[in-house]
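The values are calculated or read from the model by the stated rules, or taken from the named source; none is laboratory data. Remember, predicted model here, so these are calculated numbers, not experimental data. Note that each Cβ is placed from the backbone with ideal geometry, even for glycine, and that neighbours are counted across all protein chains shown. Ligands, DNA and RNA are excluded from the accessible area calculation, which covers all protein heavy atoms including side chains. Shrake-Rupley method; radii C 1.70, N 1.55, O 1.52, S 1.80 Å.
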Amino acid sequence: MQATIERIEKHAKIIQSGEHESVRPGQPWEFSAACEPGDGCWQGDLGIEIVEAVPAGYVEVVNPTEDDRQLVPGNTEGSKHCLDSLSGVKMYRPEEWDEESLRGPCLVLTEERKVLHPTHGPVTVPAGLTILCRYQREWDKELVKERRTRD
Amino acid sequence: MEFRSGWGLWTIEGIPVDEQIVMKPETQTIEQIDKEQNQDVRAIRINRFGWPRYIKESGAVCRDERKNEIEGTLEALFRCRDGSQRLVVTCPTGRVFALGVPGEVKTCEQSQHWLAGGKNFRVLART
């Protein structure tokens, strides 16, 4: 297993140094016009999925503020997945949305928008698409929650 | 935190730990980590020690590995001696993460499915 881990670490160093043939740190990516509902990408631990429509149980964010550009709850650098602007964005959120949610805002775009992050490459979403934010599950957090419930 | 009396307290994220974990986490031994009974402290110990190193030195077993062709990354699923599992992945930022997954997961693909909340969209890219 030592060899496997070492291969993974070596692979990460190649990416870090910019020498990997296809993966570059901070490399931008964009949804093409051919993308359809069910297609998506990950920007770190934020999943961006194209959906047909706003899911049930979502409510519109009326007059969103600058703070609403952040698509992941929290104050860490990792949670700073932010829209470049709110122009042309109709925003919806689950009625209950917090750091334990696995689904986040749903955005109906009438203008092209970018999702930005301090370390991950920006993701461009063309006008006309509806996107749903999804979050990666965290086993460690689930274990902590289970322990707290037991205590 | 240290008081005038000389009494001090070391904590990480509100959990009391010892000085070694805070100041010299790399000097911990696998035995120290594995003997830790407090699960919160154990998690902190390994995070500070470094998951890749812990997996290498603790005798964790590789259950599955693959090249993720879509994301251009490598990943491997390890089972640790206590039965816990980690999916070790490279990230497009050039970092290595060891993500916890439940014990019933057997492959890298199943791990990714679990991490995605059991709802997989067609992943076209990862940045």
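Within segment A:51-60, is even one residue touching a helix residue (DSSP H, G or I) at 6+ places or on another chain (Cβ under 8 Å), surrounded by 14 or more Cβ atoms within 10 Å (Cβ to Cβ) and not charged (D, E, K, R)?
Filtering segment A:51-60 for residues touching a helix residue (DSSP H, G or I) at 6+ places or on another chain (Cβ under 8 Å) gives none.
Checking segment A:51-60: not a single residue is touching a helix residue (DSSP H, G or I) at 6+ places or on another chain (Cβ under 8 Å), surrounded by 14 or more Cβ atoms within 10 Å (Cβ to Cβ) and not charged (D, E, K, R).
Only residues that are more than 30 Å from residue A:54 (Cβ to Cβ), open to solvent by less than 80 Å² (accessible area, probe 1.4 Å) and among the acidic types (Asp, Glu): list them for segment A:1-42, please.
A:9, the sole residue that qualifies.
Within segment B:51-75, which residues are open to solvent by 20 Å² or more (accessible area, probe 1.4 Å) and out of contact with any strand residue (DSSP E or B) (no Cβ under 9 Å at 6 or more places or on another chain)?
Passing the criteria: B:53, B:56, B:57, B:59, B:69.
Out of all the residues in segment A:43-50, is one or more small (Gly, Ala, Ser), at positive phi, in contact (Cβ under 8 Å) with a residue 60 or more places away in the chain and open to solvent by less than 20 Å² (accessible area, probe 1.4 Å)? Talk me through it step by step, then tell me what you get.
Pass one, segment A:43-50, residues small (Gly, Ala, Ser): A:44, A:47.
If we keep only those that are at positive phi too, we end up with A:44.
Now narrow it down to the ones that are in contact (Cβ under 8 Å) with a residue 60 or more places away in the chain: A:44.
Narrowing further to those that are open to solvent by less than 20 Å² (accessible area, probe 1.4 Å): A:44.
Yes, segment A:43-50 contains a residue that is small (Gly, Ala, Ser), at positive phi, in contact (Cβ under 8 Å) with a residue 60 or more places away in the chain and open to solvent by less than 20 Å² (accessible area, probe 1.4 Å).
For residue B:78, are the conditions met, namely being touching a strand residue (DSSP E or B) at 6+ places or on another chain (Cβ under 7 Å) and surrounded by fewer than 22 Cβ atoms within 10 Å (Cβ to Cβ)? Outline the logic, then answer.
Working: touching a strand residue (DSSP E or B) at 6+ places or on another chain (Cβ under 7 Å): yes; surrounded by fewer than 22 Cβ atoms within 10 Å (Cβ to Cβ): no.
No, not satisfied.
Looking at segment B:71-104 only, could you name the residues that are over 16 Å from the mean Cα position of the chain (by Cα) and more than 9 Å from chain A (Cβ to nearest Cβ)?
B:104
Kindly provide the set of residues from segment B:105-126 that are at the interface with another protein chain (Cβ under 8 Å from one of its Cβ atoms) and open to solvent by 20 Å² or more (accessible area, probe 1.4 Å), ordered by number. So that I can check it myself, show each step before the final result.
Step one: filter segment B:105-126 for residues at the interface with another protein chain (Cβ under 8 Å from one of its Cβ atoms), giving B:114-117, B:119, B:121-126.
Once the filter is applied, which keeps residues that are at the interface with another protein chain (Cβ under 8 Å from one of its Cβ atoms) and open to solvent by 20 Å² or more (accessible area, probe 1.4 Å), segment B:105-126 yields B:114, B:117, B:119, B:122, B:123, B:124, B:126.
Do we have residue A:129 as under 14 Å from the mean Cα position of the chain (by Cα) and surrounded by 19 or more Cβ atoms within 10 Å (Cβ to Cβ) here? Working first, answer last.
Values: under 14 Å from the mean Cα position of the chain (by Cα): no; surrounded by 19 or more Cβ atoms within 10 Å (Cβ to Cβ): yes.
In short, no.
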